[in-house]
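A short worksheet on the structure shown next.
The values are calculated or read from the model by the stated rules, or taken from the named source; none is laboratory data. From a predicted model like this one, the values you see are computed outputs, not experimental measurements. In this analysis, Cβ positions are derived from the backbone assuming ideal geometry, glycine residues included, and neighbour counts consider all displayed protein chains. The protein model used for the area step is the full one, side chains on, heavy atoms only, and it has no ligands, DNA or RNA in it. Shrake-Rupley method; radii C 1.70, N 1.55, O 1.52, S 1.80 Å.
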Protein chains: 2
Amino acid sequence: METNFRASFEEERKKVEVWFTLLRDKICEELEELERLCLISPEISPQRFQRKEWKRDGGGGGIISLMKKGRVFEKAGVNISTVYGEFSEAFRKEIPGADKDPKFWASGISLVIHPRNPHVPIVHMNTRMIITTQLWFGGGVDLTPVFPSQKDTVDFHRVLQETCDHYDLESYLKFKKWCDDYFFITHRNEPRGVGGIFYDYINSGNFEKDFEFTKNVGEAFLKIYPQIVKRYFNTPWSEEDVQHQLKKRGRYVEFNLVYDRGTKFGLQTGGNIDAILMSLPPMASWEIEA
Amino acid sequence: METNFRASFEEERKKVEVWFTLLRDKICEELEELERLCLISPEISPQRFQRKEWKRDGGGGGIISLMKKGRVFEKAGVNISTVYGEFSEAFRKEIPGADKDPKFWASGISLVIHPRNPHVPIVHMNTRMIITTQLWFGGGVDLTPVFPSQKDTVDFHRVLQETCDHYDLESYLKFKKWCDDYFFITHRNEPRGVGGIFYDYINSGNFEKDFEFTKNVGEAFLKIYPQIVKRYFNTPWSEEDVQHQLKKRGRYVEFNLVYDRGTKFGLQTGGNIDAILMSLPPMASWEIEA
């Protein structure tokens, strides 16, 4: 790849940006539809996403779409961003291709959904394309139920497996393991949730194939998550269920602030705080047994 | 100092351990007294501390004293611990004197108090003695009000200044600045609270003098914090005040999980999770403006 990377891959960059915007729109519509379909909590009106643009010092920016205090979604954030500039000295060694030239370009979509109903799982999805002197795709989708159900876990993984198999028959097990290893709360010796897929540094040499995989990961999320939401969104819950949910959300905060690479990366590179910490739950608790 | 450090400083080690235990008892009594003195929230019975011992793999352990769901203190944790063993390879370079010999001994008291009433400030206090091939004291006290009051801040700092001045006329400004620098949430460009003191690697060559300072820091906490609690513990609060409190507690979580050295140290060295994360609030929120 040429050093003059900003001028190169112009068509590819345009394509992925357009896709992330389109996916964002589809996801927001789908989640708003779920708000309208939910029959319980009639005292809470179905909510819609509110958008807020942010600019990044050094180049680029993004748009946060946030739904707050919805009937189904207590907090749902979908962020799309395209940022570019130069990596700081400290990061150059950590990022493939950045040691030769610190310039980078990155575009992606990232979402975290914290449902109100403790029976509806928390979910995270992120896909991105990054260009340094190299170009690659990364991403992941993972589910964090408060009360895990084998059926949900199996169905969630099946859709992801189909998506990976369509790309390449070796990827699913690799990306599933990567997810299990990555979303692990070491200090508690427990996984964040029931897994999913996680991948990075994807470049098969065939841009169209890799980009199609990226699109399919987004479509897989759209196929399975609303299904799982619908299984539980009309299920009543108890105060005790809420206590379990708040505790699970506390674990989510611990993972994201102590281990998550994206969060650390964002905080250290002066990213937009609201976008980086969009993943944190509206409310969480830490009650210890002593 | 001799390499055979476990046999050395026996008298000093005994003295500091006894002090931390005594201070713990005094603090718990004082906080329980405040529970009984508070006149509002009559539906909540005054609570007492519950103790739980923990053992550390590799040597030593501690006792957590925890008060939960009190009338004044929604969560108050006081931990004393004495731990010893060998630092892992990774830590040897970071800890004074540990590069020559990885053996260490450390004893300390640590407390974090999350009051129920948003008008009563959160507080943290910690003092400790550490022995490697060197011996030193460290510690700190800092106040985190949801609604800062100049009078509280001035009074809190005055007591700490008197304590430091009694030790040495140069220390207060140094320890105050250290606190301001340390308890700073870089990614939000905001301090955690209104400061206090923070110090480490204290060894004047006079053990008795340094130990007296450590004791005086504990006494300073006992002198000023209950006073500040009494100023507000009968002040009614609104739901909006609670929202501000939950947001401030969210910031507290961010600081402790992203930056706090003690927390990182504990999580990385397989410390007791309940003791390390005792600092986290019973409930916190993240609501973003978008």
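Looking at A:Glu86, A:Glu74, which one is touching a Lys or Arg at 6+ places or on another chain (Cβ under 9 Å) and at pLDDT 95 or above? Outline the logic, then answer.
Details: A:Glu86 fails: at pLDDT 95 or above.
The match here is A:Glu74.
Name the pairs whose Cβ atoms lie under 7 Å apart, with the first residue in the stretch A:164-176 and more than 12 Å from A:Asn216 (Cβ to Cβ), the second open to solvent by 30 Å² or more (accessible area, probe 1.4 Å), and 6 or more positions between them or separate chains?
Between residues of the stretch A:164-176 that are more than 12 Å from A:Asn216 (Cβ to Cβ) and residues that are open to solvent by 30 Å² or more (accessible area, probe 1.4 Å), the close pairs are A:Tyr172/A:Gln161; A:Tyr172/A:Asp165.
Could you list, in sequence order, the residues of the stretch B:118-143 that are of a type in the set (S, T, N, Q), open to solvent by less than 10 Å² (accessible area, probe 1.4 Å) and assigned to a strand (DSSP E or B)? Walk me through how you get there before you give the answer.
Applying the first criterion (of a type in the set (S, T, N, Q)) to the stretch B:118-143 yields B:126-127, B:132-134.
Imposing the further condition that a residue be open to solvent by less than 10 Å² (accessible area, probe 1.4 Å) reduces the set to B:127, B:132.
Residue satisfying the conditions is B:Thr127 alone.
Say we look at the stretch A:153-163 and pick out the residues that are in contact (Cβ under 8 Å) with a residue 60 or more places away in the chain and in contact with a Phe, Trp or Tyr (Cβ under 9 Å, 6 or more places away or on another chain); which of these is nearest to A:Glu239 (Cα to Cα)?
A:Phe156
Hey, could you check the stretch A:195-226 for residues that are part of a helix (DSSP H, G or I) and hydroxyl-bearing (Ser, Thr, Tyr) and say which is farthest from A:Phe175 (Cα to Cα)? Talk me through it step by step, then tell me what you get.
Within the stretch A:195-226, the subset part of a helix (DSSP H, G or I) is A:207-226.
Subsequent filtering for residues that are hydroxyl-bearing (Ser, Thr, Tyr) retains A:214, A:225.
On the way: A:Thr214: 13, A:Tyr225: 19 Å.
Per the stated criteria, the residue is A:Tyr225.
Identify, by number, the condition in (1) closer than 28 Å to A:Glu35 by Cα; (2) within 12 Å of chain B (Cβ to nearest Cβ); (3) not basic (Lys, Arg) that A:Val258 doesn't meet.
Of everything listed in (1) closer than 28 Å to A:Glu35 by Cα; (2) within 12 Å of chain B (Cβ to nearest Cβ); (3) not basic (Lys, Arg), A:Val258 misses just condition (1).
Give the stretch B:154-168 a look and list any residue that's farther than 16 Å from B:Asp210 by Cβ and over 18 Å from the mean Cα position of the chain (by Cα), or say none.
Pass one, the stretch B:154-168, residues farther than 16 Å from B:Asp210 by Cβ: B:154-162.
Passing the criteria: B:Val154, B:Asp155, B:Arg158, B:Glu162.
Out of the stretch B:230-244, which residues are out of contact with any Ser or Thr (no Cβ under 9 Å at 6 or more places or on another chain) and either within 14 Å of another protein chain (Cβ to nearest Cβ) or part of a helix (DSSP H, G or I) (or both)?
Here is the first cut: in the stretch B:230-244, the ones out of contact with any Ser or Thr (no Cβ under 9 Å at 6 or more places or on another chain) are B:230, B:233-242, B:244.
Selection gives B:Lys230, B:Glu239, B:Glu240, B:Asp241, B:Val242, B:His244.
Have a look at A:Lys100, A:Lys69, A:Lys93, A:Lys14 and point out the one that is open to solvent by 30 Å² or more (accessible area, probe 1.4 Å) and within 14 Å of chain B (Cβ to nearest Cβ). Give the steps one after another, and end with the answer.
Details: A:Lys100 fails: within 14 Å of chain B (Cβ to nearest Cβ); A:Lys93 fails: within 14 Å of chain B (Cβ to nearest Cβ); A:Lys14 fails: within 14 Å of chain B (Cβ to nearest Cβ).
One residue alone meets the criteria, A:Lys69.
Please go through (1) crowded, with 19+ Cβ neighbours inside 10 Å; (2) within 18 Å of the chain's Cα centre (by Cα); (3) within 14 Å of another protein chain (Cβ to nearest Cβ) for B:Phe198 and return the number of the only condition it doesn't satisfy.
With respect to (1) crowded, with 19+ Cβ neighbours inside 10 Å; (2) within 18 Å of the chain's Cα centre (by Cα); (3) within 14 Å of another protein chain (Cβ to nearest Cβ), B:Phe198 is out only on (3).
What are the residues in the stretch A:237-260 that are under 19 Å from the mean Cα position of the chain (by Cα), farther than 21 Å from A:Gly70 by Cβ and touching a residue at least 40 places away in the same chain (Cβ under 8 Å), if any?
Those that are under 19 Å from the mean Cα position of the chain (by Cα), farther than 21 Å from A:Gly70 by Cβ and touching a residue at least 40 places away in the same chain (Cβ under 8 Å): A:Arg251, A:Glu254, A:Phe255, A:Val258, A:Tyr259.
Working carefully through the options B:Val159, B:Val154, B:Val72, find the one that is within 30 Å of B:Glu43 (Cβ to Cβ) and not aromatic (Phe, Trp, Tyr). Even if it seems obvious, please write down each step before you answer.
On the way: B:Val159 fails: within 30 Å of B:Glu43 (Cβ to Cβ); B:Val154 fails: within 30 Å of B:Glu43 (Cβ to Cβ).
Sole residue among the options that is within 30 Å of B:Glu43 (Cβ to Cβ) and not aromatic (Phe, Trp, Tyr): B:Val72.
Looking only at residues in the stretch A:261-290 that are charged (D, E, K, R) and more than 23 Å from B:Gln50 (Cβ to Cβ), which one is nearest to the other protein chains (Cβ to nearest Cβ)? Break it down stepwise before answering.
Within the stretch A:261-290, the first condition is being charged (D, E, K, R), and the residues that meet it are A:261, A:264, A:274, A:287, A:289.
Okay, now just the ones that are also more than 23 Å from B:Gln50 (Cβ to Cβ), so A:261, A:264, A:274.
On the way: A:Arg261: 13, A:Lys264: 8, A:Asp274: 5 Å.
Looking at residues that are charged (D, E, K, R) and more than 23 Å from B:Gln50 (Cβ to Cβ), I get A:Asp274.
In the stretch A:206-252, which residues are small (Gly, Ala, Ser) and surrounded by 14 or more Cβ atoms within 10 Å (Cβ to Cβ)? Let's see the steps before the verdict.
Step one: of the stretch A:206-252, the residues small (Gly, Ala, Ser) are A:218, A:220, A:238, A:250.
Matches in the stretch A:206-252: A:Gly218, A:Ala220, A:Gly250.
Would you check if there is a residue in the stretch B:33-49 being under 25 Å from B:Thr214 (Cβ atoms), of a type outside the set (Gly, Ala, Ser), more than 14 Å from chain A (Cβ to nearest Cβ) and surrounded by 17 or more Cβ atoms within 10 Å (Cβ to Cβ)?
Step one: filter the stretch B:33-49 for residues under 25 Å from B:Thr214 (Cβ atoms), giving B:33-34, B:49.
Checking which are of a type outside the set (Gly, Ala, Ser) leaves us with B:33-34, B:49.
Next, from what is left, pick out any that are more than 14 Å from chain A (Cβ to nearest Cβ): B:33-34.
If we keep only those that are surrounded by 17 or more Cβ atoms within 10 Å (Cβ to Cβ) too, we end up with B:34.
Looking for residues that are under 25 Å from B:Thr214 (Cβ atoms), of a type outside the set (Gly, Ala, Ser), more than 14 Å from chain A (Cβ to nearest Cβ) and surrounded by 17 or more Cβ atoms within 10 Å (Cβ to Cβ), one finds at least one in the stretch B:33-49, hence yes.
Where the second residue is among the charged types (D, E, K, R) and the first is within 24 Å of A:Ile131 (Cβ to Cβ) and lies in the stretch A:16-36, which pairs have Cβ atoms under 7 Å and are six or more apart or on separate chains?
That search, which allows pairs on different chains as well, returns A:Trp19/A:Lys215.
Looking at the stretch B:162-173, is at least one residue touching a Pro at 6+ places or on another chain (Cβ under 9 Å) and not polar (S, T, N, Q)? Steps first, answer last, please.
Residues of the stretch B:162-173 that are touching a Pro at 6+ places or on another chain (Cβ under 9 Å), as a first pass: none.
No, every residue in the stretch B:162-173 fails to be touching a Pro at 6+ places or on another chain (Cβ under 9 Å) and not polar (S, T, N, Q).
For the stretch B:94-113, check the following and say yes or no: at least one residue is out of contact with any helix residue (DSSP H, G or I) (no Cβ under 6 Å at 6 or more places or on another chain) and farther than 28 Å from B:Arg13 by Cβ.
no
Can you pull out every residue in the stretch B:160-186 that is touching a helix residue (DSSP H, G or I) at 6+ places or on another chain (Cβ under 8 Å) and open to solvent by less than 20 Å² (accessible area, probe 1.4 Å)?
Of everything in the stretch B:160-186, those that are touching a helix residue (DSSP H, G or I) at 6+ places or on another chain (Cβ under 8 Å) and open to solvent by less than 20 Å² (accessible area, probe 1.4 Å) turn out to be B:Leu160, B:Thr163, B:Cys164, B:Ser171, B:Tyr172, B:Phe175, B:Phe183, B:Ile185.
Taking A:Asn203 as the residue in question, decide whether it is touching a strand residue (DSSP E or B) at 6+ places or on another chain (Cβ under 6 Å), open to solvent by 60 Å² or more (accessible area, probe 1.4 Å) and of a type in the set (S, T, N, Q).
yes
Based on what the data block shows, is A:Gly266 in a helix (DSSP H, G or I), of a type in the set (Gly, Ala, Ser) and either open to solvent by 30 Å² or more (accessible area, probe 1.4 Å) or in contact with a strand residue (DSSP E or B) (Cβ under 7 Å, 6 or more places away or on another chain) (or both)? Working first, answer last.
Values: in a helix (DSSP H, G or I): yes; of a type in the set (Gly, Ala, Ser): yes; either open to solvent by 30 Å² or more (accessible area, probe 1.4 Å) or in contact with a strand residue (DSSP E or B) (Cβ under 7 Å, 6 or more places away or on another chain) (or both): no.
No: the conditions fail for A:Gly266.
Residue under question is B:Lys151, and the condition is that it be in a helix (DSSP H, G or I), away from chain A (no Cβ under 14 Å), more than 22 Å from B:Lys215 (Cα to Cα) and open to solvent by 80 Å² or more (accessible area, probe 1.4 Å); does it hold?
Working: in a helix (DSSP H, G or I): yes; away from chain A (no Cβ under 14 Å): yes; more than 22 Å from B:Lys215 (Cα to Cα): yes; open to solvent by 80 Å² or more (accessible area, probe 1.4 Å): yes.
It is true that B:Lys151 is in a helix (DSSP H, G or I), away from chain A (no Cβ under 14 Å), more than 22 Å from B:Lys215 (Cα to Cα) and open to solvent by 80 Å² or more (accessible area, probe 1.4 Å).
When residues of the stretch A:269-290 are filtered for being touching a residue at least 12 places away in the same chain (Cβ under 8 Å) and either part of a helix (DSSP H, G or I) or within 19 Å of A:Leu111 (Cα to Cα) (or both), how many remain? Write out each step before concluding.
Quick first cut of the stretch A:269-290, residues touching a residue at least 12 places away in the same chain (Cβ under 8 Å) only: A:269-272, A:274-287.
Filter once more, so that each one left must be either part of a helix (DSSP H, G or I) or within 19 Å of A:Leu111 (Cα to Cα) (or both): A:271-272, A:274-284.
Of the residues in the stretch A:269-290, 13 are touching a residue at least 12 places away in the same chain (Cβ under 8 Å) and either part of a helix (DSSP H, G or I) or within 19 Å of A:Leu111 (Cα to Cα) (or both).
Going through the stretch B:177-194 one residue at a time, which ones are away from chain A (no Cβ under 14 Å), within 23 Å of B:Ile95 (Cα to Cα) and either out of contact with any strand residue (DSSP E or B) (no Cβ under 6 Å at 6 or more places or on another chain) or not in a helix (DSSP H, G or I) (or both)?
The answer is B:Lys177, B:Asp180, B:Asp181, B:Phe183.
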